[in-house]
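Q: My questions will all concern the structure given below.
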Amino acid sequence: MNSPLRLEPQRIAVKGDGVELAAYRWGNAAGPTLLLVHGYPDSHEVWLPLVRELAADYQIVAYDVRGAGASDIPRKTRDYRLEKLANDLEAVIKAASPERPVHLVAHDWGSIQSWEAVTEPRIQPLLASYTTVSGPCLDHVGHWMRARLKEKRPRALGRVLGQLLSSWYIAFFHTPLLPELLWHSGLARAWPTLLRRVEGVRQAQPNPTQAADGQHGVKLYRANFIKSLFRPRERPTQVPVQLIVPTRDRFVRPQLFQQLDHWAPRLWRREVAAGHWQLLAEPQRLAGWIREFVEHLEGGEASRALRLARVRPGGGSFAGKLVLVTGAGGGIGRATLLEFAERGASVLAADIDLAAAERSAELARALGAEAWARQLDVSDSAQMEAFAASVETEFGCPDLVINNAGIGMAGAMLDTRPEDWERLLRVNLWSVIDGCRLFARQMIEAGKGGHIVNIASAAAFVPSRNYAAYATSKAAVLMLSECLRAELAGKGIGVTAICPGLVNTGIIQATRFHGLDAEAEARRKAKVQRLYRRRNLSAETVAMRIAQAVERNKPVQAVGSEAHLSVAQWRFAPWLSRLLARLNLSA
């Protein structure tokens with residue numbers, strides 16, 4: 001017998017903490033219960049697009065929080081404190097689903113007040129899960145700000161200042177009368193237009209209680225921010241948490257959630273290249289993520305995408321992300337794979353030597369990361385096409401792609417045969433072109449943003465008669481990265497070129513020295529290898545700089561003093577670079 005499907009809302013009156021709340025019920029009465037909590041300046045109607053996506057499979061309950069919609073409107077600011085809001089949420093749960101825990105979904109201020117309930121020991125047993133969008137726990141934010149200020153470093157202070165600037169409206173909401181006058185004088189009528197033009201919400205609908213919701217809702221800010229931010233409490237939870245991070249959120253920066261696994265050890269993290277009202281702009285995507293999460297917690301097998309989103313305890317800054325590295329069988333590629341594994345990422349090692357790639361993946365798994373290995377000849381565009389398609393099918397779009405695979409080549413240009421040029425450019429340049437175009441397109445279509453790293457070289461800035469082909473390929477990678485960065489800037493995708501100096505890896509042994517017989521080539525390799533060993537710039541140092549460059553979204557990162565010197569010389573004294581290029585340093 002089919003379960004009854006409720007498409008029109010059933011209104012429920014709920015007694016909250018000193019107020020009467022208007023709650024609404026839709027959907028399949030036999031399914032798990034989703035409880036939706038709206039933010040500011042919204043009412044329950046903000047959830048209607050999501051309700052339409054999920055009503056066939058779930059019983060859905062949404063309510064107007066105190067001060068919004070058809071719920072009671074307390075006059076005193078103190079009646080909007082988080083503890084009262086948490087009590088309201090508890091009352092709705094007990095009225096709507098008295099026998100089964102609910103799956104909580106919240107946005108903006110709904111998320112902020114829901115964190116109060118999710119971290120309250122008496123309420124946690126009533127919750128099967130929590131999906132939070134664009135709303136941090138204020139206590140967690142307070143601890144984050146304290147930790148950054150204690151660092152006393154310019155970058156840490158800049159992060160705090162940047163968030164304060166993004167949250168300028170909070171200070172405005174604390175001013176008397178002005179916010180209320182703004183809503184009364186016409187902001188409510190303009191609100192759907194602002195959502196369409198600023199947030200990309202194509203079908204923003206007017207809310208009949210918008211002006212009142214905006215006027216009364218400012219008390220949420222006045223009642224809670226100063227106390228929570230300056231006197232934060234310890235607020236852990238054991239409730240499974242799915243964190244949705246819109247990376248283009250103008251108000252809540254992703255950095256606020258970097259240490260959330262400390263407070264929520266059962267954490268899944270998903271990023272999306274969207275704004276603050278992602279729930280209105282992309283209800284289908286959000287519904288799919290909620291469905292995956294809830295079905296898994298209700299006993300189903302986790303999808304590959306959900307497994308990748310799981311954050312390991314103490315996971316680090318790349319927790320919940322998939323990092324793909326080409327040429328990962330050794331050298332910079334392996335070191336980079338392991339660096340991101342240590343920082344919490346799941347990693348995919350690709351290399352022409354499958355055994356070497358498997359070894360790299362094994363080392364990553366030893367660090368606690370999920371890791372896979374695949375064989376790939378990056379010089380074959382057809383293989384790259386098939387590989388990119390298989391990655392998307394099996395894992396979904398990677399969050400970070402590192403085009404690292406490369407080979408060395410030395411010798412005068414006139415001693416380098418056309419077939420040698422072609423082989424070098426297929427590996428060093430064309431594979432980067434393929435990696436960029438294939439995975440950038442996936443990132444755009446997935447709508448979650450991402451980052452692409454291309455390994456160039458300090459040789460991109462240093463002309464020399466001794467390695468024309470190699471320097472040309474790396475200079476092209478550098479310029480390609482700069483051009484692509486400009487093209488993808490508006491799509492939430494960063495691009496970084498890495499320019500290492502003399503890195504002590506095995507690349508010299510694989511380098512061809514043209515114009516020399518076998519004996520002379522062996523002597524030259526030994527001489528250059530000694531130079532690299534004496535310099536002793538490790539692949540691990542390069543890997544660490546790569547991770548830092550991605551975190552800071554740097555366009556170009558030189559690694560090693562000789563690399564920095566080469567960049568400075570090319571920019572400020574190019575005549576000296578051209579003069580030194582004439583020297584036959586391999587003689």
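A quick yes/no check of all residues on (1) assigned to a helix (DSSP H, G or I); (2) open to solvent by 30 Å² or more (accessible area, probe 1.4 Å); (3) at pLDDT 95 or above:
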residue: His276; (1), (2), (3): no, no, no
residue: Glu301; (1), (2), (3): no, yes, no
residue: Arg307; (1), (2), (3): yes, yes, no
residue: Gly333; (1), (2), (3): yes, no, yes
residue: Ala355; (1), (2), (3): yes, yes, yes
residue: Arg359; (1), (2), (3): yes, yes, yes
residue: Glu362; (1), (2), (3): yes, yes, yes
residue: Asp377; (1), (2), (3): no, yes, yes
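Q: Consider Arg231 carefully, then state whether it is basic (Lys, Arg), within 13 Å of Glu271 (Cβ to Cβ) and either surrounded by fewer than 16 Cβ atoms within 10 Å (Cβ to Cβ) or in contact (Cβ under 8 Å) with a residue 12 or more places away in the chain (or both).
A: Numbers: basic (Lys, Arg): yes; within 13 Å of Glu271 (Cβ to Cβ): no; either surrounded by fewer than 16 Cβ atoms within 10 Å (Cβ to Cβ) or in contact (Cβ under 8 Å) with a residue 12 or more places away in the chain (or both): yes.
So Arg231 fails the test.
Q: Can you name every residue in segment 465-489 that is of a type in the set (Ser, Thr, Tyr), more than 24 Å from the chain's Cα centre (by Cα) and open to solvent by less than 20 Å² (accessible area, probe 1.4 Å)? So that I can check it myself, show each step before the final result.
A: Quick first cut of segment 465-489, residues of a type in the set (Ser, Thr, Tyr) only: 467, 470, 472-473, 481.
Now restrict to residues that are more than 24 Å from the chain's Cα centre (by Cα): 467, 470, 472-473.
Listed by number, the list holds a single entry, Ser473.
Let's see how each residue does on (1) open to solvent by less than 10 Å² (accessible area, probe 1.4 Å); (2) farther than 24 Å from Gly492 by Cα; (3) modelled with pLDDT of 95 or more:
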| position | (1), (2), (3) |
| --- | --- |
| Glu385 | no, no, yes |
| Ala389 | no, no, yes |
| Glu394 | no, no, no |
| Cys397 | no, no, no |
| Ala405 | no, yes, no |
| Trp421 | no, yes, no |
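Q: Output yes when any residue across segment 305-312 is free of Cβ contacts under 8 Å to residues at least 40 places away in the same chain and more than 15 Å from Lys448 (Cβ to Cβ), and no when none is.
A: Filtering segment 305-312 for residues free of Cβ contacts under 8 Å to residues at least 40 places away in the same chain gives 306.
Checking which are more than 15 Å from Lys448 (Cβ to Cβ) leaves us with none.
No: segment 305-312 contains no residue that is free of Cβ contacts under 8 Å to residues at least 40 places away in the same chain and more than 15 Å from Lys448 (Cβ to Cβ).
Q: Now a separate question. Conditions first: (1) crowded, with 22+ Cβ neighbours inside 10 Å; (2) at pLDDT below 90; (3) farther than 17 Å from Cys499 by Cβ. Thr416 passes all but one, so which condition is the exception?
A: (1)
Q: Just need a number here: residues in segment 189-212 that are surrounded by 14 or more Cβ atoms within 10 Å (Cβ to Cβ) and at pLDDT 90 or above.
A: Qualifying residue count, segment 189-212: 5.
Q: Still on this structure, please answer the following. If you scan segment 119-141, which residues turn out to be within 26 Å of Ala30 (Cβ to Cβ) and in contact with a strand residue (DSSP E or B) (Cβ under 9 Å, 6 or more places away or on another chain)? Steps first, answer last, please.
A: As a first pass, look at segment 119-141 and keep what is within 26 Å of Ala30 (Cβ to Cβ): 123-131.
Result: Leu126, Leu127, Ala128, Ser129, Tyr130, Thr131.
Q: Just for strands (runs of 3 or more DSSP E) wholly inside segment 1-117: which have at least 2 residues that are among the basic types (Lys, Arg) and surrounded by fewer than 18 Cβ atoms within 10 Å (Cβ to Cβ)?
A: Passing ranges, in order: 5-15.
Q: Failed condition for Arg266, given (1) open to solvent by 10 Å² or more (accessible area, probe 1.4 Å); (2) of a type outside the set (Ser, Thr, Tyr); (3) in contact with an Asp or Glu (Cβ under 8 Å, 6 or more places away or on another chain); (4) more than 28 Å from Ala386 (Cβ to Cβ), with all others met?
A: (3)
Q: Kindly establish whether Ala547 is at pLDDT 90 or above, outside any helix (DSSP H, G or I), at negative phi and open to solvent by less than 60 Å² (accessible area, probe 1.4 Å).
A: On the way: at pLDDT 90 or above: yes; outside any helix (DSSP H, G or I): no; at negative phi: yes; open to solvent by less than 60 Å² (accessible area, probe 1.4 Å): yes.
Criteria not met by Ala547.
Q: Hey, another quick one. Among the numbered criteria (1) within 17 Å of His276 (Cβ to Cβ); (2) of a type outside the set (Gly, Ala, Ser); (3) more than 32 Å from the chain's Cα centre (by Cα), which single criterion is violated by Trp183?
A: So Trp183 meets the others, but not (1).
Q: Please count how many residues of segment 269-295 are farther than 27 Å from Gly314 by Cβ and touching a Pro at 6+ places or on another chain (Cβ under 7 Å).
A: 6
Q: Among what's in segment 344-353 and is of a type outside the set (A, V, I, L, M) and out of contact with any helix residue (DSSP H, G or I) (no Cβ under 6 Å at 6 or more places or on another chain), pick the residue that is most open to solvent (accessible area, probe 1.4 Å). Break it down into steps so the answer makes sense when it comes.
A: Narrowing segment 344-353 to residues of a type outside the set (A, V, I, L, M): 344, 346, 351, 353.
Narrowing further to those that are out of contact with any helix residue (DSSP H, G or I) (no Cβ under 6 Å at 6 or more places or on another chain): 344, 353.
Values: Gly344: 3, Asp353: 76 Å².
Restricting to residues being of a type outside the set (A, V, I, L, M) and out of contact with any helix residue (DSSP H, G or I) (no Cβ under 6 Å at 6 or more places or on another chain), the top hit is Asp353.
Q: For the structure I just gave you, tell me whether Asp213 is part of a helix (DSSP H, G or I) and out of contact with any strand residue (DSSP E or B) (no Cβ under 6 Å at 6 or more places or on another chain).
A: Numbers: part of a helix (DSSP H, G or I): yes; out of contact with any strand residue (DSSP E or B) (no Cβ under 6 Å at 6 or more places or on another chain): yes.
So Asp213 passes the test.
The values are calculated or read from the model by the stated rules, or taken from the named source; none is laboratory data. This is a predicted model, so every value here is computed, not measured. Using ideal geometry, Cβ is built from the backbone for each residue, glycine included, and neighbour counts are taken over all protein chains shown. Surface accessibility is based on the protein's heavy atoms, side chains included, excluding ligands, DNA and RNA. Shrake-Rupley method; radii C 1.70, N 1.55, O 1.52, S 1.80 Å.
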